[in-house]
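The values are calculated or read from the model by the stated rules, or taken from the named source; none is laboratory data. Given the structure is predicted, the values throughout are model-derived calculations rather than measurements. Don't worry about glycine lacking a Cβ; one is built from the backbone with ideal geometry, like all the others, and counts go over all protein chains shown.
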Amino acid sequence: QKNLSIFYPDQAELAKMLLERGQSHLFEDWPDAGVDDDEKKALLGQVALLNSSYPGGLASYIKTARELLADSKAGKNPFDGFIPSVPSGEVLTFGDDNFIKYEEAGVRQVQNAAFVLVAGGLGERLGYNGIKVALPMETTTGTCFLQHYIESILCLSEASCGQAQGQCRRDVPFVIMTSDDTHARTLQLLESNAYFGMKSTQVKLLKQEKVACLADNDARLAIDPKNKYRIQTKPHGHGDVHSLLYSSGLLREWKDAGLRWVVFFQDTNGLLFKAIPAALGVSATKEYHVNSLSVPRKAKEAIGGITRLTHADGREMVINVEYNQLDPLLRATGHPDGDANCETGYSPYPGNINQLILEVGPYMDELSKTGGAIKEFVNPKYKDSTKTAFKSSTRLECMMQDYPKTLPPSARVGFTVTDPWLAYAPVKNNPDDAAKVPKGNPYHSATSGETSIYRSNSMTLRKAGVKIDDPVLQVFNGQEVEVWSRVVWKPKWAVTFADVKRKVSGSSSISQKSTLVIKGRNILIEDLSLDGTLVIDSVDDAEVKVGGSVQNNGWKIESVDKDSTALPEEVRIRGFKINKVEQLEKSYSEPGKHSLKP
Ligand code: UGB
């Protein structure tokens, strides 16, 4: 009370609100006014930020926290009364007529879409010191994730309006959600690379704030152990993206501009754009309000399972059940084997990869009601079975894929499943944890992230008629992976399977030891026999026919020691490096028709 006089009126109001909600401990043992006043005001400044960045403010946060902590203490099952079953969705087979039809429909929709990357996570599981979007997606070219994402969006939007970039009806908006952990470095990556070719005005960074930590079951806010005038904070989860899009006014802007789709994606999936056009096509054709892109999931794989939940009272929803909850839910509802593979070798529940496509109109309507608040959860680690004290402070969390939980039954919520190799290769696990992944399950590591890109590209070329050797098995950082020919192309060469098919003809072959890097736009592969490395580039208005026989010592993929500090972290976490021994490298800088036939 005696300190209230030092605060501005709005700060004093906030302090009173906290006192009324059982938070007097925050102000306990404070010296009299006149001592540490700046620090005391700084605490209230922090409280104001925590209050304004949470839908409903801190009062609502504390109320929800008390309810969820009570449920957790009582051992209440969040799925109480719900029976899980396998939902049906649109299953795509890469390259067949249906896939191509959806891809075409999806490309047409891109100019009506906004893209949103959630990149606020630091990636504790990966243990990498930089931001994940700056990691090379593959080390053949060293292209980082963010560059690939931006180039893919630009090329898709160009394909969508059928005109050169800059002449499109509008620039497709691209939003990146950052956090204190990633914001400055993401901005720096963009600025030092001229936004990878995107207009800086096209890119918006929205920073998520952390939320207050909770010290006990009464939801008393935890004091920062390093500073008694601060509340300890932790990330609230990727679900914040919805309230940020709403509170920033961007969603309204997009709706007013006539945009129809918001496409969400995560930080380290080098394959995601392979399936985005087809998934957008599914959204448009089926008029889905929510479309969740998914892949066949191995039992126990650390990705959520898309599940139909049916309640005795008639409620029903198709929703992600997070990987740590699927097994207990199944066991509690008559599936004694829990999270297990079925006869296909995969879990019957499709795997959620958090690539969501939401239709703007219904999304805006929903957020106008909720303010973007997403159903939260709390996961306290208790000291003992009495569940009266925590080992360390906890906080409320939310996930972006829980958005449909508040939707009415009339909402059209669907999902699209793609081939397992096509669209998902995240980089999430550090080498030691990845090496412990059960045999046959994806590693989700830097090693598998990169080798999966070569596999996906090689299989795509195979589907387009190129003869590609089978892969060999190799072990890097304790993980056995298939090593395919290192085939990489820039999005401007191909963003759809139709692009690949148009640019590949005749009878071509690529040996397993080979590397093919295609950088130019109009490179036509025709009767090429590659056994070595070929890197080919051209200006946009050149057309280059590439054929004949290319043979050289190529680029070799070589094991490295993950503990060798002489190597950069980006290399160590994948357990191999590319030794560039010999290559044929050609670049065509003049417009017109060219031919390469060594
Ligand atoms: N992220 C944020 O932007 N802010 C945050 O506060 C936290 C994360 P993780 P997770 O597809 O592989 C999700 O940590 O949460 C960003 C789904 O819940 O990599 O364990 C972060 O930068 C799961 O169902 O994943 O699991 C990153 O881009 C499954 O789909 C993204 O959020 C799984 O991803 C995901 O964060 C998956």
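Evaluation of Ala332 against the conditions (1) closer than 30 Å to Ile276 by Cβ; (2) more than 16 Å from the ligand (Cβ to nearest atom); (3) among the aliphatic types (A, V, I, L, M) shows that the sole unmet condition is (1).
Which members of segment 483-541 meet the condition of being assigned to a strand (DSSP E or B) and not hydrophobic (A, V, I, L, M, F, W, C)?
At the first step, the residues of segment 483-541 found to be assigned to a strand (DSSP E or B) are 483, 486-489, 504-505, 509-510, 515-518, 523-531, 533-538.
Hits for segment 483-541 are Arg486, Ser505, Ser509, Thr515, Glu526, Asp527, Ser529, Asp531, Thr533, Asp537, Ser538.
Test of understanding: among Ser247, Ser200, which residue is without any contact (Cβ under 8 Å) to a residue 60 or more places away in the chain and of a type in the set (Ser, Thr, Tyr)? Just one listed residue meets the conditions, Ser200.
Scanning segment 232-256 for residues that are within 12 Å of the ligand (Cβ to nearest atom) and surrounded by fewer than 20 Cβ atoms within 10 Å (Cβ to Cβ) returns Lys234, Pro235.
Summed over segment 204-231, residues that are away from the ligand (no atom under 16 Å from the Cβ) and farther than 17 Å from Leu18 by Cα total 3. Scanning segment 274-308 for residues that are away from the ligand (no atom under 15 Å from the Cβ) and either among the aliphatic types (A, V, I, L, M) or under 19 Å from Ile176 (Cβ atoms) (or both) returns Ala278, Leu280, Val282, Ala284.
Taking the conditions exactly as written (modelled with pLDDT of 95 or more, within 12 Å of the ligand (Cβ to nearest atom) and of a type in the set (Phe, Trp, Tyr)), does Tyr323 satisfy them or not? Give the steps one after another, and end with the answer.
Working: modelled with pLDDT of 95 or more: no; within 12 Å of the ligand (Cβ to nearest atom): yes; of a type in the set (Phe, Trp, Tyr): yes.
Against the criterion (modelled with pLDDT of 95 or more, within 12 Å of the ligand (Cβ to nearest atom) and of a type in the set (Phe, Trp, Tyr)), Tyr323 does not qualify.
With respect to the stated conditions, Tyr363 fails to be farther than 21 Å from Gly270 by Cα, at pLDDT 95 or above and within 13 Å of the ligand (Cβ to nearest atom). Among the conditions (1) under 15 Å from the mean Cα position of the chain (by Cα); (2) closer than 23 Å to Asn522 by Cα; (3) assigned to a loop (DSSP other than H, G, I, E, B), Tyr149 misses just one, which is (3).
Identify all residues within segment 400-452 that are under 20 Å from Leu293 (Cα atoms) and more than 16 Å from the ligand (Cβ to nearest atom); write none if there are none. Within segment 400-452, Thr406, Leu407, Ala411, Arg412, Gly414, Asp419 meet the criteria.
Answer yes if at least one residue in segment 208-218 is closer than 21 Å to Ala373 by Cα and either in a helix (DSSP H, G or I) or among the charged types (D, E, K, R) (or both), and no otherwise. Yes, segment 208-218 has at least one match.
The one condition from (1) over 29 Å from Asn341 (Cα atoms); (2) surrounded by fewer than 15 Cβ atoms within 10 Å (Cβ to Cβ) that Pro78 does not meet is (1).
Considering (1) within 30 Å of Ile557 (Cα to Cα); (2) at pLDDT 95 or above; (3) surrounded by fewer than 20 Cβ atoms within 10 Å (Cβ to Cβ), the lone condition that Leu122 does not fulfil carries the number (2).
Looking for something over 20 Å from the mean Cα position of the chain (by Cα), more than 20 Å from Val118 (Cβ to Cβ) and within 16 Å of the ligand (Cβ to nearest atom) - is there at least one such residue anywhere in segment 338-346?
yes
Considering only segment 100-115, I want to know if a residue exists there that is assigned to a loop (DSSP other than H, G, I, E, B), at negative phi and within 16 Å of the ligand (Cβ to nearest atom).
Keep residues of segment 100-115 that are assigned to a loop (DSSP other than H, G, I, E, B), which gives none.
Looking through segment 100-115, none of the residues is assigned to a loop (DSSP other than H, G, I, E, B), at negative phi and within 16 Å of the ligand (Cβ to nearest atom).
Quick grid of which residues meet (1) of a type in the set (Val, Ile, Thr); (2) touching a residue at least 24 places away in the same chain (Cβ under 8 Å); (3) within 22 Å of Val466 (Cα to Cα):
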{"site": "Thr533", "(1), (2), (3)": "yes, yes, yes"}
{"site": "Val539", "(1), (2), (3)": "yes, yes, no"}
{"site": "Glu543", "(1), (2), (3)": "no, yes, yes"}
{"site": "Ser549", "(1), (2), (3)": "no, yes, yes"}
{"site": "Asn553", "(1), (2), (3)": "no, yes, yes"}
{"site": "Ser559", "(1), (2), (3)": "no, yes, no"}
{"site": "Ser564", "(1), (2), (3)": "no, no, no"}
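Conditions tested, residue by residue: (1) within 14 Å of Gly414 (Cα to Cα); (2) outside any loop (DSSP other than H, G, I, E, B).
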position	(1), (2)
Leu326	no, yes
Leu330	no, yes
His335	no, no
Asp339	no, no
Tyr349	yes, yes
Leu356	yes, yes
Tyr363	no, yes
